[in-house]
Amino acid sequence: MNTIKPEFLYGLHAVAAVLRFRPQQVRELNVKSGQLSPAVTALVKLAEEHRIVVKQVSAGQLQRLTNDGVHQGVVALAEPRRDLDDKDLEVLLFESSDNFFLVLDSIDDPRNLGACLRVADGAGVDGVIMARSRGARITPLVAKVSSGAAESVPCYRVANLARTLKFMGAAGVQIVGAAGGSAATIFDLSVSSNVALVIGHEGSGLRRLTRDHCDLLASIPMLGTVDSLNLSVAAGVMLYEIQQKRDKSSVE
């Protein structure tokens, strides 16, 4: 019999998010003993409202629970979040023709993944799509870096990313790939309201099969001496520009 192993989520925003979005999957809340800050007190109150066990423990215990993570005095023991899959994505595409996706192709760094989830939430993305067998997974570190967005943004883990992009294109989703060598910039493009931005690997960029399924390729113009941006920063620039263009296309 397979059992789901719970994990320790830490940090004020990550813990607040799991208490907000799926309190029924939180088994206990551990807080640093002593005088509680207003932020931690609010989390304790929220946990008690959902009848979640609250424990006051030492700072050393919190460090051990998080493998020396920056816990900010709070650690929640919770079941891992369930990823959505191909079928869930197909249902969404069938029900709606006005979607905004971020597709991550083999992102390895968990901090980059967490930062991408955070900016995706801020830009109003409807879902983040990743391959099931490639790239970083959503871990407590990713949840911490995402500042709670790992709970709020729908995440789809698909069996085959190239096949999914092909299906999305057939369903009317415009696929825009981020490519540093592209002559067209993100500011030059016209986009539809039903669109996906694809970001490739930190070092090698988009894989060939992924690139082949993009309708458009776009870059960010670099006006200084450096030739590229951090992956999550680039994702943020492009997501907000696309969102602005989506707003204009929906008005027109």
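The values are calculated or read from the model by the stated rules, or taken from the named source; none is laboratory data. Predicted model only: the values in this text are computed from it and were never measured. Using ideal geometry, Cβ is built from the backbone for each residue, glycine included, and neighbour counts are taken over all protein chains shown.
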Worksheet entry | Complete set of residues in the range 130-144 that are surrounded by 24 or more Cβ atoms within 10 Å (Cβ to Cβ) and under 16 Å from I199 (Cβ atoms) | M130
Worksheet item: For the range 19-33, which residues satisfy the criterion of being within 13 Å of R82 (Cβ to Cβ) and assigned to a helix (DSSP H, G or I)?
Response: F21, Q24, Q25
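Taking the stated definitions as given, is L84 more than 20 Å from A14 (Cβ to Cβ) and at pLDDT 95 or above?
Taking the combined requirement at face value, the residue does not satisfy it.
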Worksheet item: Looking at the range 185-202, is at least one residue farther than 30 Å from L9 by Cβ and free of Cβ contacts under 8 Å to residues at least 24 places away in the same chain?
Response: no
Fill in: Matching residues in the range 177-206 - criterion: being assigned to a strand (DSSP E or B) and either closer than 17 Å to E241 by Cα or not assigned by TED's automatic domain parsing to the domain that holds L165 (or both)
G177, A178, T185, V195, A196, L197, V198, I199
Item to complete: State which residue is modelled with the lowest pLDDT when the search covers only the range 1-52 and only residues that are β-branched (V, I, T) and under 19 Å from P140 (Cβ atoms).
Response: T3
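Table: residues versus (1) surrounded by 13 or more Cβ atoms within 10 Å (Cβ to Cβ); (2) in the same structural domain as L117 (by TED's automatic domain parsing); (3) closer than 21 Å to S146 by Cβ.
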{"residue": "G11", "(1), (2), (3)": "yes, no, yes"}
{"residue": "A16", "(1), (2), (3)": "yes, no, yes"}
{"residue": "V40", "(1), (2), (3)": "yes, no, yes"}
{"residue": "G60", "(1), (2), (3)": "no, no, no"}
{"residue": "V70", "(1), (2), (3)": "no, no, yes"}
Discussion item. Suppose the filter is farther than 22 Å from V173 by Cβ, in the same structural domain as F101 (by TED's automatic domain parsing) and either exposed (fewer than 13 other Cβ atoms within 10 Å of the Cβ) or within 16 Å of the chain's Cα centre (by Cα) (or both); does M238 pass it?
Written reply: no
Discussion item. Tell me yes or no: at least one residue of the range 161-177 is touching a Gly at 6+ places or on another chain (Cβ under 7 Å), surrounded by fewer than 22 Cβ atoms within 10 Å (Cβ to Cβ) and modelled with pLDDT of 95 or more.
Written reply: yes
Item to complete: Select the helices (runs of 4 or more DSSP H) contained entirely in the range 75-153, then report the ones holding at least 3 residues which are of a type in the set (F, W, Y).
Response: none
Worksheet item: Do we find that K5 is exposed (fewer than 14 other Cβ atoms within 10 Å of the Cβ) and in contact (Cβ under 8 Å) with a residue 60 or more places away in the chain in this structure?
Response: yes
Discussion item. Condition first: among the acidic types (D, E), in contact with a Lys or Arg (Cβ under 7 Å, 6 or more places away or on another chain) and outside the structural domain of G69 (by TED's automatic domain parsing). Can you find one or more residues in the range 105-115 that meet it?
Written reply: yes
Response to the item:
Expected single match for assigned to a helix (DSSP H, G or I) and either touching a helix residue (DSSP H, G or I) at 6+ places or on another chain (Cβ under 8 Å) or in the same structural domain as V119 (by TED's automatic domain parsing) (or both) among L209, L223 is L209
Worksheet item: Does the range 189-202 include one or more residues that are among the small types (G, A, S) and under 24 Å from R82 (Cβ atoms)?
Response: yes
Worksheet item: List pairs: first in the range 138-159 and on the phi > 0 side of the Ramachandran plot, second part of a loop (DSSP other than H, G, I, E, B), Cβ under 9 Å, 6+ apart or cross-chain?
Response: S147/G11; G148/G11
